[in-house]
Structure formats: structure tokens, C-alpha cells
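Worksheet: one structure, shown below.
The values are calculated or read from the model by the stated rules, or taken from the named source; none is laboratory data. Note that the structure is predicted; figures quoted are calculated from it, not measured. With ideal geometry, Cβ positions are generated from the backbone for all residues, glycine too; neighbour counts draw on all protein chains shown. Accessible surface is based on the protein model in full, side chains and every heavy atom, while ligands, DNA and RNA are left aside. Shrake-Rupley method; radii C 1.70, N 1.55, O 1.52, S 1.80 Å.
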Amino acid sequence: MPTYKAFVALLDNYESDVSKPEEVTQEEIQENWHFIDLVVETAVMQEAYQFLVRNNKISPDVKSFKAKLYDIWFKMYKRLYGDRVVNSCGFEHVFVGESRDHQVSGFHNWVQFYLQEKRGHIDYRGYFRRGTTEELEKSPRIMTLQFLWNKSTAKPIGSSFIGTSPEFEMALYTIMCLMNHEGTIVKIKKYDVEIVCHKHGQGVGTAFPVSKSD
């Protein structure tokens with residue numbers, strides 16, 4: 001699918017170590033816009049767009065909506081107050097992952113996890129039975145696990161959807177961000193899921209699902 005291909009093209013655009021500055025090239029900016037153009041054409045993002053228009057969170061103008069998506073997901077910022085360099089953005093944190101002091105932060109996307117594990121960069125350390133009852137394990141839609149990334153940085157516990165499209169996750173988290181909801185319980189298939197979203201300025205700081213089915 002076009003959105004998956006465009007999404008994967010973005011995953012190598014970032015420096016995971018937040019002690020180092022991000023350098024965004026013109027090619028990377030073009031890739032960001034290409035991804036947004038494709039995502040906005042999808043049914044799920046169109047539904048999110050109409051919802052936000054009805055709730056007066058965005059103007060009824062697709063060009064303005066695309067600009068808003070760029071700002072909340074791709075606009076670079078300093079992750080922590082004391083950071084000396086511009087080192088992060090919502091997309092990098094949520095979908096790619098970051099590292100600081102041998103700890104992984106963010107990294108809430110199954111496609112990135114799959115690709116990193118395939119390349120030998122993930123040392124899987126097990127999963128937690130959070131939202132993984134016997135019935136739900138037959139076709140899991142959320143994973144809660146721990147792992148090492150690049151042999152030295154640890155993620156003690158992290159959760160993400162499984163099998164969902166990039167546009168679904170971005171649409172869901174965009175609604176959470178623009179509606180100013182930090183935690184909302186929703187029903188997705190057989191799961192009761194809390195969608196957690198914390199803002200960084202006007203953009204996304206972090207966003208991830210937490211199963212409440214146990």
C-alpha cells in the first residue's frame with residue numbers, strides 16, 4: 001500500500017540519540033509532505049478530518065489541515081527543557097523511537113519493531129499479559145513488551161497496536177492531540193483501550209495505546 005511505503009521511507013530519517021541534533025534535509029521534508037498527502041487521501045484520515053471540522057478544531061480547508069498535520073507531527077523541538085539541541089518531533093518519538101542514557105523512549109509502532117527486529121537491531125525480552133487474555137491472543141491487536149534496541153538501550157515496557165495502518169494510528173492520535181485529550185477509553189474490536197496522548201507545545205509529545213481488557 002502506498003501509505004506503508006511512504007511511512008517506511010521516513011523511518012531512517014532520524015538520529016535516535018537525543019543528545020545529538022537532528023538535521024532535516026530538503027529530501028526528508030519532501031518525504032514528510034508526500035506521506036501527509038497520501039495519508040489525507042485515506043478514508044480513516046478523512047473521517048478524522050470531518051470529525052475535527054465538526055468540533056471546530058480545524059478549519060474546513062484540506063490545505064490547512066495538511067499544514068496542521070505537519071506541525072504537530074514533524075515540527076522539530078527540544079524534547080526536554082534542558083536539552084541544548086533541537087532533537088525530536090512527534091513522529092520520531094511515537095513511530096521511530098528515541099534513546100537517552102541507555103533507555104528507549106517512544107517507539108510505539110509495530111512496523112518499526114518488525115523492521116528493526118528483522119535487521120537484528122532488536123533483542124526481544126518478552127511480553128506482558130496486559131490485554132492478552134486467551135481469547136484475544138488468537139488475533140492480538142495490541143502488544144505490551146520489553147526489549148533492547150541496538151544492543152544497549154532498553155525499553156522496560158512499551159505498548160503499540162499490531163496490524164494497524166500508519167494512517168489509522170496517525171488519525172487516532174491526531175484527534176487525541178487536537179481535542180486535548182490525554183487519556184480516553186475506546187472500544188477497538190474486543191479491546192477496551194486507553195489512548196494516551198501528551199502534547200509537547202502544540203504538537204504530539206507522545207502517544208500510545210494501553211489495553212484495559214484484563
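When the pairs 5/66; 66/199; 63/155; 68/190; 57/78; 20/118 are compared against a 29 Å limit on Cα-Cα distance, 63/155; 68/190 fall above it. When 141, 54 are compared by accessible area of protein heavy atoms, the largest-first order is 54, 141, using a 1.4 Å probe. Cβ-Cβ distance of residue 84 and residue 151, R₀ of 25 Å, FRET efficiency by 1/(1 + (r/R0)^6): the value works out to about 0.40.
Basic side chains Lys and Arg get +1 at the Cβ, acidic Asp and Glu get -1 at the Cβ, and with that the dipole of the stretch 41-85 about its Cα centre reaches some 260 debye. Each of the peptides 106-114, 77-85 was scored by the mean count of other Cβ atoms within 10 Å over its residues; in descending order, highest first, they stand as 106-114, 77-85.
By the combined test of axial Cα extent (at least 15 Å) and Kyte-Doolittle hydropathy (mean at least -0.5), the qualifying DSSP H helices of the chain come to 26-40, 43-54, 62-74, 166-178.
About its Cα centre, the chain has a charge dipole of approximately 480 debye under the convention of +1 per Lys or Arg Cβ and -1 per Asp or Glu Cβ, with nothing else charged.
The accessible-area ordering, largest first, of the residues 34, 200 stands as 34, 200, per a 1.4 angstrom probe. Calculate what fraction, in whole %, of the accessible area of the chain sits on carbon and sulfur atoms when a 1.4 Å probe is rolled over the protein chains. Here it works out to 52 percent.
Pairwise inverse Cα distances across the stretch 8-90, averaged and inverted, put the Kirkwood hydrodynamic radius at 14.2 Å. Accessible area per residue for the chain, computed on protein heavy atoms with a 1.4 Å probe, is 52 Å².
What you get for the stretch 1-101, charging only the Cβ of Lys and Arg (+1) and of Asp and Glu (-1), is a dipole of about 500 debye around the Cα centre. Bridge orientation summary for the chain: considering DSSP beta bridges with both residues in this region, about 95 percent are antiparallel. Return the inverse of the average 1/r over all pairs of distinct C-alpha atoms in the chain, which is the Kirkwood hydrodynamic radius, in Å to one decimal. Radius from the Kirkwood sum: 17.7 Å. When the stretch 53-196 is described by a simple charge dipole with +1 on each Lys and Arg Cβ and -1 on each Asp and Glu Cβ, the residue from 183, 153, 90 located farthest towards its positive end is 90. Adding -39500 (n - 2.57) for every DSSP H run of four residues or longer, then dividing by how many residues the chain holds, sets the calculated 222 nm ellipticity at -10500 deg cm²/dmol.
Between 59, 19, 42, whose Cα lies farthest towards the positive end of the dipole of the stretch 8-68 when Lys and Arg beta carbons carry +1 and Asp and Glu beta carbons carry -1, centred on the Cα centre? Among 59, 19, 42, the one farthest towards the positive end of the dipole of the stretch 8-68 is 59.
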